[in-house]
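J.: The structure follows.
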Amino acid sequence: MKNLKVVFMGTPEFAVPVLEKLIEETNVILVVSQPDSYVGRKKILTPSPIKQVALENNIPCFTPTNIKKDYDKVLESNADIIITCAYGQIIPKVLLDFPKYKCVNVHASLLPKYRGGAPIEASIINGDDETGITIMYMAPGMDDGDIIKQSKVSILDNDNINTLSDKLSILGSNLLIETLPSIIDGTCNVIKQDDSKVTYAYIIKRKDEVLDFNNNYKDIYNKVRALYNRSYFVMNNIEYKVISVRFEKNIGSVGVINNIYKDGFGIGCKDGEVVITEFIPSGKKQMLVSSFLNGIKNNSLIGVRVNEETEKR
């Protein structure tokens, strides 16, 4: 497939293994990614992970602000196929129609389940036992094109967004290369998506990241691992992003710190206690809660209600 001229469109780290595999197996002539963004506390203008791979491999990289209006460079490439993976913008119909072998997408779910921008997070939040990769033809609607091939992967109880993303990105890169020959020679058997089974996984918003201790421990745990270092609670007007938690059966007041343990403090939830064991206090580095407790009087936390500030917003 070294003669196959490919335009690859992607942005985050998840898409990197897919691009790297395409560089090995095909002729990637153009990479399209989101514009550079400001990263970190110092707001350093940084290229996307996909753009960095393109630069390292001396492949031209195009970063339009709006691909719907600025797509001429893609047309001028005269590519045989466009392959997308977590690009982050809607692809205009003019691009879907022009390549010889059409436009193919690598999507991180078993479509028609979890169309949208956060399928991996949704699979963990909802406590699914498995998810997978779908290789599909792109269509004007959101992830509604015909399915070319799918492959499954189990979701382990200790998986988080990082570990599951890693597994799926490798699976996706291998499945794509395995599927490309049948796309090129026209022997792939496509399946139309069953509209009656469609569900959506929209991008997680800021308001969705706060932990609700009115829920069961399992639901809270799933959210913590799905939004690793993004889910948070507020205590005494300070925000704490949660890294890890564990369960205690003690029943106490919901949303209140009821007990102090060697490795953390327990916040009451619907069926017991969520023991916060590792977090990132606002403006500080990631730390074990046991270290945090060494610097305060433990009893001073007992009875403190969390998320009062968020409830007032």
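J.: Sort out which residues of segment 98-157 are of a type in the set (Asp, Glu), within 26 Å of Val6 (Cα to Cα) and in a strand (DSSP E or B), and write them in order of number. Break it down stepwise before answering.
T.: Step one: filter segment 98-157 for residues of a type in the set (Asp, Glu), giving 121, 128-130, 143-144, 146, 157.
When the remaining residues are screened for being within 26 Å of Val6 (Cα to Cα), the result is 143-144, 146.
Those that are of a type in the set (Asp, Glu), within 26 Å of Val6 (Cα to Cα) and in a strand (DSSP E or B): none in segment 98-157.
J.: I'd like to know if segment 272-283 contains one or more residues that are touching a helix residue (DSSP H, G or I) at 6+ places or on another chain (Cβ under 9 Å) and at pLDDT below 95.
T.: Checked segment 272-283: no residue is touching a helix residue (DSSP H, G or I) at 6+ places or on another chain (Cβ under 9 Å) and at pLDDT below 95.
J.: Go through segment 53-74 and report how many residues are in contact with a helix residue (DSSP H, G or I) (Cβ under 9 Å, 6 or more places away or on another chain) and under 12 Å from Val32 (Cβ atoms).
T.: Total satisfying the criteria: 10.
J.: Being polar (S, T, N, Q) and surrounded by fewer than 17 Cβ atoms within 10 Å (Cβ to Cβ) is the filter here; which residues of segment 230-258 pass it?
T.: Asn236, Asn237, Asn250, Ser253, listed by residue number.
J.: Then there's this: Considering Gly266, Gly303, which residue is part of a loop (DSSP other than H, G, I, E, B) and in contact with a strand residue (DSSP E or B) (Cβ under 8 Å, 6 or more places away or on another chain)?
T.: From the options Gly266, Gly303, the qualifying one is Gly303.
J.: Can you confirm whether Ser165 is closer than 25 Å to Glu25 by Cα, touching a residue at least 60 places away in the same chain (Cβ under 8 Å) and in a helix (DSSP H, G or I)?
T.: Values: closer than 25 Å to Glu25 by Cα: yes; touching a residue at least 60 places away in the same chain (Cβ under 8 Å): yes; in a helix (DSSP H, G or I): yes.
Criteria met by Ser165.
J.: Return yes when Ser196 is assigned to a helix (DSSP H, G or I), under 26 Å from the mean Cα position of the chain (by Cα), among the hydroxyl-bearing types (Ser, Thr, Tyr) and surrounded by 20 or more Cβ atoms within 10 Å (Cβ to Cβ) and no when it is not. Break it down into steps so the answer makes sense when it comes.
T.: Details: assigned to a helix (DSSP H, G or I): yes; under 26 Å from the mean Cα position of the chain (by Cα): yes; among the hydroxyl-bearing types (Ser, Thr, Tyr): yes; surrounded by 20 or more Cβ atoms within 10 Å (Cβ to Cβ): no.
When the stated conditions are applied, Ser196 does not pass them.
J.: Let me ask something else about it. Quick check on my filter: what residues within segment 125-156 are aliphatic (A, V, I, L, M), over 26 Å from Lys68 (Cβ atoms) and either free of Cβ contacts under 8 Å to residues at least 60 places away in the same chain or surrounded by fewer than 16 Cβ atoms within 10 Å (Cβ to Cβ) (or both)?
T.: Listed by number, the residues that qualify are Ile133, Val153, Ile155, Leu156.
J.: Pick from segment 103-124 the residues that are more than 18 Å from Lys167 (Cβ to Cβ) and small (Gly, Ala, Ser): which of them is surrounded by the fewest Cβ atoms within 10 Å (Cβ to Cβ)?
T.: Taking the candidates together, the pick is Gly116.
J.: Show me the helices (runs of 4 or more DSSP H) found entirely inside segment 1-90 where at least 3 residues are farther than 22 Å from Pro181 by Cβ.
T.: Result: 49-56, 72-76.
J.: So for segment 215-233 (the condition being outside any strand (DSSP E or B), in contact with a Lys or Arg (Cβ under 8 Å, 6 or more places away or on another chain), within 24 Å of Leu301 (Cβ to Cβ) and aromatic (Phe, Trp, Tyr)), does at least one residue qualify?
T.: yes
The values are calculated or read from the model by the stated rules, or taken from the named source; none is laboratory data. Computed from a predicted structure; not experimentally measured. We place every Cβ from the backbone using ideal geometry, glycine too, and count neighbours over all the protein chains shown.
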